[in-house]
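Everything below concerns the one structure shown next.
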Amino acid sequence: MSEFAARVERVEPSATLAISNLAGELEADGVDVVDLSVGEPDFPTPENIVEAGKNAMDAGHTGYTSSNGIPELKAAIANKLDADGLDYGPDEIIVTPGGKQALYETFQTLIDDGDEVCLLDPAWVSYEAMVKLAGGSPPRSRTTPSSSW
């Protein structure tokens, strides 16, 4: 008996992490590597952002927020979208910790067991895993000049 849920077995090990690990090994051996695997910038967080984070913590913003985003942030996003000609209210906006989390939540919301989800290929490696975890099957559509894409 496996100690993990069956859905975990649908997913192969992360190619992104394998490449990141290899890049780390090469760097440790003194090789100059441009690592584009995990999307981690090769520069420090800008000082104004660091200061804003410190100020927020000093002001007591250290607990949980609303699960779908800080209301003031959602209102600011709605205002920005409105300025761009898009009419969405704060109640139609969800703020996530990042794009990958937003996509995962979307896949979990829209895909049922057995659904077929067409993935463009090449695609970000996480898409296939997200589809499989949601119970879908991900046939691929090659996007190459030879396939008329």
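Just so you know, all these numbers are worked out from the coordinates, no wet-lab data involved. From a predicted model like this one, the values you see are computed outputs, not experimental measurements. Cβ: placed from backbone, ideal geometry, glycine included. Neighbour counts: every protein chain shown.
Per-residue packing, averaged as other Cβ atoms within 10 Å, sorts the ranges 27-34, 127-134 into the order 127-134, 27-34, beginning with the highest. Rounded to the nearest 500, the helix-only mean residue ellipticity at 222 nm of the chain stands at -12500 deg cm²/dmol, with each DSSP H run of n ≥ 4 adding -39,500 (n - 2.57).
Note on the chain: Rg/Rh from C-alpha atoms, Kirkwood Rh, equals 1.03. Straight Cα distances below 24 angstrom link Lys80 to the lysines Lys100, with same-chain residues fewer than 8 positions distant left out.
Counting only Cα atoms, the size of the range 1-63 along its three principal axes is 49, 38, 16 Å, in decreasing order. Were the residues from Cys118 through Asn68 laid out at 0.36 nm apart, the gain over their Cα-Cα distance would be 15.2 nm. Full extension of the chain between Asp84 and Val125 yields a length gain of 11.6 nm, computed as 0.36 nm times the residue separation minus the alpha carbon distance. Of the peptides 90-97, 3-10, the order by per-residue mean of other Cβ atoms within 10 Å, starting with the highest, comes out as 90-97, 3-10.
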